[in-house]
Structures are given as structure tokens and as C-alpha cells.
Amino acid sequence: MTEALHVGIAGLGTVGASVVRIIADRKEMLERECGRPITITAVSARDRNRDRGIALSGMRWFDDASALAVSDEIDVFVELIGGEDGVALDSVTKALKAGHHVVTANKALLARHGFDLAKIAEDRGVLLNYEAAVAGGIPVIKPMRESLSANTISRIYGILNGTCNYILTRMEDEGISFEECLADAQRLGFAEADPTFDIGGHDTAHKLSILTSIAFGTRIAPDDVYLEGIANITQADISAARELGYRIKLLGVAQRTESGIEQRVHPTMVPFSSVIAQVAGVLNAVAVETDILGELLFSGPGAGGNATASAVIGDIADIAKSRPGFQHGPVFGTPAKDLKPYKRARMKSHEGGYFIRLTVYDRTGVFAAIARRMADNNISLESIVQHSTSADDQNDNKTVILVTHETTESAVRKAVEGITSDGHLVDKPQVIRIERAG
Ligand code: HSE
């Protein structure tokens, strides 16, 4: 029989434990598919004595992940530690330099150091696989990296954070608070160790920056993502969206424009009838627009131990199936040395529709003043409605909802600044971008 593929796993949290359990449970099936056994030879984690509900017998224990990374007992180093620097970076770098293939689920590490790590992997002729880093269990990296070579991609947009989608879905379905939904996401194991990474959109931005690099052949630019999280989305926004035929999702969007590439993460109104609007709960979805295929949509479980482990094991199986001496494809679809510097499009030039919710004093001339500011900035309105809520009735304030036709970010910012300076607003204005979605 062909020699087993020897795997070392660093990090035995929710995902690591699922990887160990599924490989043990599906040993024969994996061996049949790969033509050789996959054997977990060694593991490393912080606490040796913690009960994880998995059998680790026969696996060598390493206290130090970087020592495991260079061990000659392994062919593949699986990094499930997390974090963009520290042990994760050190161990992955050492594993690649030692000529080991690497599988990682670490989006922060790839967003920050993916370009340098890809250069090392390609120089050493080893694989750096990271399907689990973006959209959990959904196979999206491989299709984008390998199957779409003949296509020119113009836009990618997606729901890339299960925690945010879970929160927004439950807020809409059950009318419950943001905090209650977040606590449940943490309890269910979707949320990051620091959930502000989810809520603030940073996790989505990391994943988006990886997809951007593959889609547009550019170097990863995680700091060039325009970022707004979901913490200020209220029930008032959710119900107004529904009345207008939209649903609010935290989207990551990357798109080619005349002035460069836009990367943006923000709460977004998508048409209620669009496919992406139906993606609920912890599910993720990635839409890819190409010149040949039109729009493709990948959707499925984007977070959680088993879903993420499925992608990690798929990556390990790919390595098991690869043959020594065979030249591996580039890590980001284009050889790292040929990835172009990223050219950022200015957010102020972004073009699209906007939803604007204003809480105003109930007095004469307010509507007219708002309409005047819009006209002064050449913004054409699709609708402007006065909206009554129970909170309005108590305070004698009114809510005004505007939906614009396609305009620019800069015009909307100027109009909203003007409305604010007119002194009619009771509360901060809420502005949510509307995205075209199929
Ligand atoms: N915290 C992430 C999410 C986990 O909620 O989607 C997967 O990256």
C-alpha cells in the first residue's frame, strides 16, 4: 500500500477537535478516496490535560507548535491556532521552510502575511491550502483559484461572517436584541474569541481581502477595506427595510471600477427577492460575477466546528492525492511573484443606491429642507416617506425614510451633512448602502 500521509495538527479547539474526530470516524472512506491512509501523527495545543472528547492515543504530543511544524515525522502541518502573528505565523513559516505542506483555517494570518507565505510555499514547491479560511465549509477557494481561469471576474459579494448573519436573521425573525443574539452565537461556537472581530466586520474584511487577491490577481490588502460593522443596526432599520422590499445583510464586496478596486464591508440592503437575501442564520454565501458565466452563487455553512473541519480535511485529502514531483498550482491562483500591487478605488467615488433613515422634529418645512439638500447634491429620490413608529408617537418625533436612485457616496455624505447642519434631526442619521444582487 502507498505510504500514509502523516499529518501534524496544531490547535485543538472546536475546529481541531472536529478534524481529529472526523478523520478517525471516516478513516476507510478517506483512504479509499485518496489511495493512501491519512494518519494524524502528532498534535499540539496549549493544555494537554483538557478533555476534548477525542482520542489522541498514538499521536505524539508537542507543547510547542513550532517544534511540531518542523518535525520530520509529518508531511503536512495543519495550523488551527488562530491569530495573525505569534505562534501561528512562526509555525506556518517554519513548516513551509522545512518543506512541509500547510493547511490552515486562519484568515487573519493569510490576510496579513499570505503574500509572503505564498512566496515561500511556491519557492519550496509545497502546497499552502486554506479553503476553511473563507466561508467555512463552502468550497469557494478551489473553484475560484482553479476552475475560473478562463473568466474575468468583475465583482464578488458575499455573506462571509456566520455570527453577523445569525444575529441579523434572529433580530429580524424574532425581534430580539442584538446582545441576546450575540450571546447565543458565542455559546454555539461561531463567534471569534473576541466577537468584536465579527461584529465590527474585521473577520469579513480578512476573508474578502483573500478573495479579492484571487479574483483580481492583486496582492492582499486587508488595510484597504472600507469597514462598517453591524452594531448600530436597529429594529427600526430592519422593519423599514422589509417594508421597502429589502433585507439587511453584512456584505463584503470587491469590485473593479474605473479608478481601481473597491473593497468594502458594511451592512447592506439587498432585494428581498434576491438569492442572497434568503441566506439565513449561520450560513454564508459568496457570489462571483464573471464575463463568461454571469453570476455564480456558492452557499452553505460558513462557521462551526464540523463545517470548517470539512474544508480542512478536503485540503488534507488534496495533498494526499497529489504526487511527489508534481508542480503545484499557485497559492492565490496567480504566481505570488506576478500578483500586482493593489490599487484602491476611493470610497467617496462609490456609486449605488442608498437608504437613509432620519429621525426628525415634527415641524413645518422639515420635509422640504430634506428634499432641497438632496436636490442640491443632484441626488434623485426613488421614494421619501414619513414613517410612524411607536417610539415616534411617544416623543412627538417623526421618522423619514429616503431611498435614492444610483448616486455617489460623496453626494450622499454631503447631503446628510447638510441635513444635519439644518438642525432638524433628533438623532444620528442612519445611512445603509443598497447593493444590486441577483
Ligand atoms: N467567526 C466566524 C464567523 C467563524 O462567525 O463566521 C468562521 O470564520
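Nothing in this text is a laboratory measurement; each read-out follows from the coordinates by a stated rule. As the structure is a computational prediction, the values presented were derived from the model and not from experiment. Note: ideal-geometry Cβ built from the backbone for every residue, glycine included; neighbour counts use all protein chains shown.
Using the Kirkwood radius over C-alpha pairs as Rh, can you work out the diffusion coefficient of the chain via Stokes-Einstein at 37 °C, viscosity 0.692 mPa s, in µm² per second?
Working: Rh = 23.2 Å.
In µm²/s, the coefficient rounds to 142.
Within the range 212-288, the GluC sites (Glu not before Pro) that combine a DSSP coil assignment with at most 12 other C-beta atoms in a 10 angstrom radius are Glu258. Proximity of backbone amide H atoms, modeled 1.01 Å from N, is registered between Gly353 and Thr407, Ile434 at under 5 Å, excluding neighbours fewer than 5 places apart on the same chain. Springs join every pair of Cα atoms under 10 Å in this Gaussian network model of the chain, and among Asp116, Asp198, Asp25 the largest mean-square fluctuation is at Asp25.
What is the Cα radius of gyration of the range 76-227 over 2.2 N^0.38 Å, N being its residue count?
In units of the 2.2 N^0.38 Å rule of thumb, it is 1.11.
Summing Cβ point charges (Lys, Arg +1; Asp, Glu -1) relative to the Cα centre of the chain gives a dipole of roughly 780 debye. Binning the C-alpha pair distances of the range 343-438 at 5 Å intervals from 0 yields a P(r) profile of 2, 13, 25, 24, 16, 10, 5, 2, 1, 0 %, listed from the shortest bin outward.
Put simply, the amide H of Ile9, placed in the peptide plane, has neighbours under 5 Å in Ala42, Val43, Ser44, Val78, leaving out anything fewer than 5 places away on its chain. Comparing Asp315, Asp396, Asp184 in a Gaussian network model of the chain, where Cα atoms under 10 Å apart are tied by springs, the biggest mean-square fluctuation is seen for Asp396. Taking the chain as a Gaussian network of alpha-carbon nodes connected by springs under 10 Å, the highest mean-square fluctuation of the residues Val140, Val400, Val288 belongs to Val400. Database remark: amide H of Thr257 closer than 5 angstrom to the amide H of Glu262 (H placed geometrically; neighbours at sequence offset of 5 or more, or on other chains; Pro and chain starts carry no H).
A dipole drawn for the chain from +1 and -1 charges on Cβ atoms has a positive end, and of Leu283, Thr308, Thr364 the residue lying farthest that way is Thr308.
Residue separation times 0.36 nm, minus the C-alpha to C-alpha distance between Asp63 and His405: what's the value? Present the calculation step by step, with values, prior to reporting the outcome.
Details: separation 342, 0.36 × 342 = 123.12 nm, distance 5.83 nm.
Once the chain is fully extended between Asp63 and His405, it gains 117.3 nm.
Looking at this model, which pairs from Lys94/Lys321; Lys249/Lys414; Lys249/Lys428; Lys119/Lys337; Lys207/Lys249; Lys107/Lys321 are more than 19 angstrom apart at the alpha-carbon? Table pairs above 19 Å Cα-Cα are Lys94/Lys321; Lys249/Lys414; Lys249/Lys428; Lys107/Lys321. In the range 142-301, the C-alpha radius of gyration followed by the widest Cα-Cα span (Dmax) gives 15.6, 46 angstrom.
Are there any chymotrypsin sites (Phe, Trp or Tyr not before Pro) in the range 219-276 that are in a DSSP loop and have at most 13 other Cβ atoms within 10 Å? List them by number. List each step's numbers first, then the result.
Values: sites: Tyr226, Tyr246, Phe272; in loops: Phe272.
Those satisfying the criteria are Phe272.
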